[in-house]
């Protein structure tokens with residue numbers, strides 16, 4: 001029997017899976033440079049065909065991509081691949097006697113040298129150029145330019161990191177993902193979560209995994225178990241225990257698009273309706289009437305119950321063309337969320353009125369919804385007052401704010417009479433609490449939502465809110481983890497809002513516990529010293545109860 | 001040849017979506033359009049790769065040259081191009 005070892009990372013999802021490792025082809029090195037033995041015409045022809053082929057592939061993938069961000073990345077890559085300047089320069093090299101693949105490499109390295117010192121997002125484009133050259137040369141050498149996924153069987157894909165192009169190619173044989181890079185909010189994590197594929201990201205030991213090895217991915221314990229068996233895992237350990245019927249706290253869903261809204265099942269309302277996606281494509285601010293139509297669609301498609309709409313959460317990291325936000329050194333600490341209202345007051349006033357008008361017209365069709373609004377990135381009571389005043393002027397009777405900035409957690413008592421509810425965004429709250437950039441995988445471990453300091457802060461927010469009679473929910477990614485949702489219930493949180501694909505699991509576990517068991521789990525987790533111990537302690541407490 | 005100048009106000013600078021839209025407009029134009037930073041050599045505006053190598057950020061000035069004498073046509077395209085690099 002081979003030895004069982006575990007690798008640590010950050011888990012995405014709840015369900016554990018066991019399957020064979022399939023390494024996502026570490027890119028083979030490009031062929032050595034060579035002079036052509038076939039003549040200029042043959043080489044130039046091969047080049048043109050490769051480019052035409054890649055253009056077709058991009059077109060198909062852009063069509064199949066399920067979100068606008070991904071489409072834009074692919075469109076930009078396709079534009080580079082089909083740039084006549086690239087083809088012309090590569091042809092010049094072919095005319096000097098190089099073969100097509102050498103011509104391409106020489107042409108691209110010339111463009112890359114022109115980009116040296118560009119910095120920031122410009123230098124990130126170099127990775128796009130590398131990907132294009134790689135795919136063109138693969139095609140010309142007669143090999144598939146995609147990592148060939150088997151058509152049957154079950155595999156766990158292991159990679160350093162995945163590009164959007166990679167994740168699009170995943171089919172049903174991909175039952176799990178392990179990446180060396182990435183973090184809880186990285187592209188890979190987001191795609192896996194939305195597609196219900198269990199994953200462990202930021203797994204430093206991923207290099208140890210080899211093709212054919214049987215491993216268990218246990219996202220619940222944030223580990224990969226080499227040569228493990230499913231019984232070693234902690235995911236879904238509660239299956240088969242008895243249910244109490246109703247969940248111990250309210251379970252809502254997070255929605256960001258009409259497609260999301262139609263996927264929601266079993267949730268008691270929407271705890272976070274994001275509005276960013278509706279504006280990414282707009283060069284100029286949509287009119288009130290245009291906005292009303294958009295909100296009507298999503299409200300009509302979504303579930304009944306309480307629907308909490310978050311006003312536009314834009315910033316220089318989530319750019320919206322018409323807001324005219326400047327470039328910032330530290331976008332996460334800059335003009336974003338409600339702070340943008342100071343420079344674009346008209347947009348925010350229009351948005352509030354449009355949401356209200358849409359809510360009224362959808363209610364008039366007989367749909368049982370209660371629509372309220374909340375503002376992101378509130379740091380002070382004064383900001384909360386301004387938003388509350390504007391929202392009530394637009395006709396809303398229930399108004400809330402997001403709790404993402406540690407400063408506001410210190411003045412919750414003063415929010416009495418200002419707002420009706422609070423909604424904690426754990427991703428940003430962690431980022432600001434731990435001084436750890438969400439987009440920097442080097443600090444991903446600090447953003448583990450099981451960090452005891454975060455749990456303690458959630459508890460103090462819950463206690464302070466209860467004292468002044470303000471309801472508090474959690475709508476961050478953390479609420480999609482069923483065990484963590486139980487801990488939140490135990491900390492005094494009144495509702496959780498999970499991603500549509502996680503609602504069923506969260507609802508399931510919350511329906512098997514009672515308030516005292518949840519409190520027990522919360523106390524055990526909060527007093528641990530590490531995220532890992534916190535999770536283990538919460539689980540141990542619950543197992544005793546169940 | 002008609003030459004005009006403008007300032008990039010789009011935050012990401014001239015790459016990604018702005019560069020794609022910019023090059024697409026140039027590609028569809030009935031005459032050649034070239035672009036560059038003032039005083040530096042101009043590059044073909046129909047090439048997203050060439051646009052990228054300008055390393056043009058928000059706040060940078062661009063010189064755009066239209067290989068035509070038709071003032072009206074140049075103005076119309078200039079406005080479209082500026083829109084792609086404006087917030």
Which of the peptides A:364-370, A:209-215, A:519-525, A:73-79 is most tightly packed, and how do the rest follow, going by the mean number of other Cβ atoms within 10 Å of each residue? A:519-525, A:73-79, A:209-215, A:364-370
Sum of -39500 (n - 2.57) over DSSP H runs of 4+, divided by residues of chain A (222 nm, nearest 500): -13000 deg cm²/dmol
Nearest 0.05, what FRET efficiency do residue A:195 and residue A:515 give at R0 = 45 Å with Cβ-Cβ as r? 0.85
Peptide-level mean, for B:34-46, of C-beta atoms on other protein chains within 10 Å: 1
Hey, in the GNM for chain B with a 10 angstrom Cα cutoff, which one of B:63, B:34, B:53 fluctuates hardest? B:53
Can you compute the modelled spin-label distance between residue A:207 and residue A:413, with each label point 7 Å from Cα toward Cβ, in nm? 5.4 nm
Using only Cα atoms, find the angle between the long axis of helix A:68-81 and the longest principal axis of chain A, and express it within 0 to 90 degrees, rounded to the nearest 10. 10 degrees
Round to the nearest 10 and give me the degree value, 0 to 90, for the angle of helix A:100-115's Cα axis relative to the longest principal axis of chain A. 50 degrees
Taking the Cβ-Cβ separation of residue A:96 and residue A:64 as r and a Förster radius of 56 Å, what is the calculated FRET efficiency to the nearest 0.05? 0.90
Compute the separation of the alpha-carbon centres of region B:14-81 and region A:412-449 and state it in Å as a whole number. 42 Å
Fraction of beta bridges assigned by DSSP in chain A that are antiparallel (%, nearest 5): 30 percent
Any chance you could give the angle, 0 to 90 degrees and rounded to 10, that helix A:515-526 forms with the longest Cα principal axis of chain A? 50 degrees
For A:343, A:294, A:51, what's the fewest-to-most ordering of other Cβ within 10 Å of each Cβ? A:343, A:294, A:51
Can you compute the modelled spin-label distance between residue A:113 and residue A:540, with each label point 7 Å from Cα toward Cβ, in nm? 6.2 nm
Please compute the modelled spin-label separation between residue A:42 and residue A:259, points set 7 Å along Cα→Cβ, answer in nm with one decimal. 4.5 nm
Quick calc, residue A:427 & residue A:151: beta-carbon distance into FRET formula, R0 25 Å, rounding 0.05, result 0.10
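Values in this text are rule-based calculations from the coordinates and carry no lab data. Just so it is clear, the model here is predicted, and its values are computed rather than measured. Reconstructed Cβ throughout: ideal geometry from the backbone, glycine too, with neighbour counts over all protein chains shown.
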